[in-house]
């Protein structure tokens with residue numbers, strides 16, 4: 001669909017209003033843009049008008065992509081040591097096989113009635129046909145499997161600890177910015193939409209390799225984190241635990257305006273009822289995140305309110321330069337005994353904590369989210 005330039009300009013103005021005045025003003029601007037499109041189209045163009053209204057999320061995604069910082073080339077090791085000031089999006093390094101990742105990293109395609117998605121699968125060289133854990137990794141917006149694998153170092157960890165990793169890839173035809181559509185009701189239900197595709201990919205890997213069904217876990221960053229929580233809520237019989245990094249709670253939005261409101265720290269819909277958690281959850285969130293407000297992390301663990309202990313988590317350094325971020329760790333237990341951890345990372349933005357700069361949206365100065373997540377997963381197998 002070719003977008004009307006006036007409509008796209010209106011969407012750009014709405015995005016600026018979101019950043020400067022908040023979601024209410026932005027949503028009103030979007031509604032005015034849609035109304036203008038309807039008037040311009042006229043009765044003879046009703047079909048075109050309906051398409052514009054239904055697909056305005058695509059226009060919004062295009063505006064977001066245009067207004068985001070452009071990818072930057074990765075600086076030299078010496079420059080990283082002395083000039084690193086925080087996570088920035090940049091082009092991921094091309095995936096290469098090295099001594100730390102001698103296993104196979106292959107591309108596959110899965111299809112069902114909801115559509116088709118590619119996925120990347122890492123099988124470590126140490127795999128010997130014995131039952132092993134399986135980790136499902138859901139990338140964030142603008143990312144892909146190679147990028148996410150590089151940034152999280154998950155393939156290296158799979159080789160070290162002996163588990164399989166699968167990275168479903170979101171299609172750009174499904175979302176212009178390659179975001180998982182966590183805010184669409186059709187993609188929030190079991191056996192429907194994107195949850196059915198992700199669960200289908202998970203089960204396909206389980207049929208091809210010897211996977212320990214009690215140790216299948218799901219993790220994601222940002223939009224991928226929001227979808228990881230959806231997967232945990234809709235398929236507790238499949239996933240033993242989840243990790244949500246810089247993400248949002250399942251059901252906190254029902255369309256793009258409510259998604260934007262939630263991202264900026266708005267209250268969840270009144271119709272959303274919290275339920276007792278069924279599976280363990282570990283949450284990481286930077287307290288300086290301006291993309292997804294940290295109140296979303298608190299919403300994720302709101303049901304784990306029976307008891308809690310708080311401790312200062314160990315800080316991490318970057319390249320020996322003395323730069324580090326501290327974190328506050330809360331260990332929570334719900335009334336039914338299900339456990340959670342919430343890591344509030346001080347001074348961190350919207351990026352995977354402790355990640356490698358070979359991938360985008362990573363913060364090497366943070367605590368090692370990959371290692372802590374794996375510790376949590378391995379300590380919480382699903383009860384049979």
From fewest to most C-beta neighbours within 10 Å, the residues 139, 293, 161 line up as 161, 293, 139
Here, residue 290 and residue 336, labelled 7 Å along Cα→Cβ, have an inter-label distance in nm of 4.0
Semi-axes a, b, c in Å (a largest) for segment 86-226, each sqrt of 5 times a Cα gyration tensor eigenvalue, come to 24, 20, 12
Subtracting the Cα-Cα distance of residue 126 and residue 209 from 0.36 nm times their residue separation yields 28.6 nm
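Multiplying the sequence separation of residue 160 and residue 255 by 0.36 nm and subtracting their Cα-Cα distance, what value in nm do you get? Don't jump to the answer; show the numbers that get you there.
Working: separation 95, 0.36 × 95 = 34.20 nm, distance 4.08 nm.
So the extension gain works out to 30.1 nm.
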For residue 278 and residue 190, extending 7 Å from Cα along the Cα-Cβ vector and measuring point to point gives, in nm, a value of 0.5
Across all Cα atoms of segment 335-384, Rg and the largest Cα-Cα distance (Dmax), in Å, are 13.6, 41
By the C-alpha gyration tensor axes a ≥ b ≥ c (rounded if a/c is under 1.5, else prolate when a/b exceeds b/c, else oblate), the shape of segment 104-378 is rounded
The exposure ranking of 137, 227, fewest beta-carbon neighbours within 10 Å first, is 137, 227
So residue 346 and residue 171, fully extended at 0.36 nm per residue minus their Cα-Cα distance, gain in nm 59.7 nm
Of all DSSP beta bridges having both residues in segment 104-378, the percent classed as antiparallel (nearest 5) is 55
Most packed first (mean Cβ within 10 Å per residue), the peptides 144-156, 103-115 order as 144-156, 103-115
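Just so you know, all these numbers are worked out from the coordinates, no wet-lab data involved. Not measured: the values here are computed from a predicted model. Reconstructed Cβ throughout: ideal geometry from the backbone, glycine too, with neighbour counts over all protein chains shown.
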